[in-house]
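I have placed the structure first, in the form of structure tokens, so that the comments after it can refer back to it.
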Amino acid sequence: MRIGILNGGGDCAGLNSVTRAVLKAAESKGDTVVGVLEGWNGLMEGKFKQIKFSHFEGLIGSGGTALSTSRTNPLKKPGGLATVERNLKKAKIDALIAVGGDDTLGVATKLSERGFKVVGVPKTIDNDLAGTDYSFGFFTAVDEAMRMLESLATTGRSHGRVMVVEVMGRDAGWISAFAGLAAGANMILVPEFETSPDDVVSLVKSRYRNGQRSALIVVAEGVKLSYDDGKIQKDEFGHPLLAKAAGENNASFLARYIEKEAKVETRATVLGHTIRGTAPNAYDRIMTTMLGYKAVEALHSGRAGVMVAVHGTKVVEVPLAEGSRKKYMDRATWELVSGMFG
């Protein structure tokens with residue numbers, strides 16, 4: 001076979017590792033692999049490069065993507081999918097391995113429904129893809145966020161400060177919850193379950209009354225912080241002003257509110273993309289190796305239109321459309337996380 005592989009959406013740890021595994025498996029079966037440069041944008045513009053295992057052999061521990069990526073969505077372009085199909089045919093590509101999150105796999109699903117052979121590999125630091133227990137890149141992002149949270153907590157204890165830290169994850173709270181739990185955060189705010197700024201202030205006051213003169217508060221970027229003092233503007237649905245509507249990120253909004261209400265020195269930090277581009281940890285290296293190898297196996301077994309996914313300790317195949325559905329934090333997980341507040 002002549003197999004194409006693309007990386008779509010945001011970069012994350014493990015992209016080069018999964019490409020490396022695809023190349024190893026494909027070459028062992030006599031296949032040729034064509035790298036699609038810049039994700040779906042590259043397929044729209046016909047940007048291809050034949051790649052070999054020797055090119056990626058030493059990249060198992062590297063972050064980012066040697067193939068480059070983009071957030072281009074062919075479904076939003078006039079005749080986008082037809083252009084993709086035309087370029088795949090021109091490059092004589094028999095099958096495509098699409099590595100990405102819900103947006104990338106949503107396009108892959110549409111392409112599969114039109115009869116092209118596609119296998120998806122779930123990738124996102126946000127861990128918000130249905131059909132798989134975990135997506136690669138997630139645990140590396142959690143590790144990196146945890147180390148930074150621990151460092152900030154140390155500074156907070158040294159100066160008697162409250163440290164408020166915003167963590168990526170779009171509208172899912174997985175990274176914030178797992179990294180915060182691992183770092184011993186005193187409170188974590190996630191989009192799936194509502195927590196008010198006043199709840200945070202109450203916890204901070206309680207800690208300081210008890211002689212614990214610092215606190216680590218983790219807030220997910222997708223949290224909609226609200227506070228209504230009768231003066232704050234509301235949206236069309238009657239919801240109080242959100243932090244971002246005030247031109248602030250969640251960390252700065254919450255830090256300002258804590259300092260005002262609890263009368264304690266507070267600092268805000270936004271981790272942002274610092275947790276995205278790091279080298280993959282051992283788990284993500286192993287996971288991506290298994291996923292990449294299984295993706296090629298699925299194609300050779302005639303089982304296109306699937307996504308390879310992690311279920312427990314095994315890699316299984318699920319319908320490709322599962323990768324375009326979202327997965328949010330469940331209540332049982334949240335109860336475990338919130339049970340450690342204080």
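Here, each number is a calculation from the coordinates, and none is a lab measurement. Small disclaimer: the values here were computed from a predicted structure and weren't measured. Cβ sites come from the backbone with ideal geometry, for glycine too, and all protein chains shown count toward neighbours.
List of remarks:
- Residue list for the range 287-310, restricted to those being surrounded by fewer than 21 Cβ atoms within 10 Å (Cβ to Cβ) and under 18 Å from the mean Cα position of the chain (by Cα): Val310
- Residue in the range 258-277 that is buried (at least 20 other Cβ atoms within 10 Å of the Cβ), under 30 Å from Ser158 (Cα atoms), under 18 Å from the mean Cα position of the chain (by Cα) and in contact (Cβ under 8 Å) with a residue 24 or more places away in the chain present: yes
- Residues that are in contact with a Lys or Arg (Cβ under 8 Å, 6 or more places away or on another chain) and either under 16 Å from Thr274 (Cα atoms) or free of Cβ contacts under 8 Å to residues at least 40 places away in the same chain (or both) within the range 165-182 comprise just one, Met168.
- Subset of the range 26-40 [touching a helix residue (DSSP H, G or I) at 6+ places or on another chain (Cβ under 9 Å) and not aliphatic (A, V, I, L, M)]: Glu27, Ser28, Lys29, Asp31, Thr32, Gly35, Glu38, Gly39, Trp40
- Those residues of the range 22-46 which are crowded, with 24+ Cβ neighbours inside 10 Å and under 21 Å from the mean Cα position of the chain (by Cα), in sequence order: Gly39, Trp40
- Any chance Val201 is in a loop (DSSP other than H, G, I, E, B) and in contact with a helix residue (DSSP H, G or I) (Cβ under 8 Å, 6 or more places away or on another chain): no
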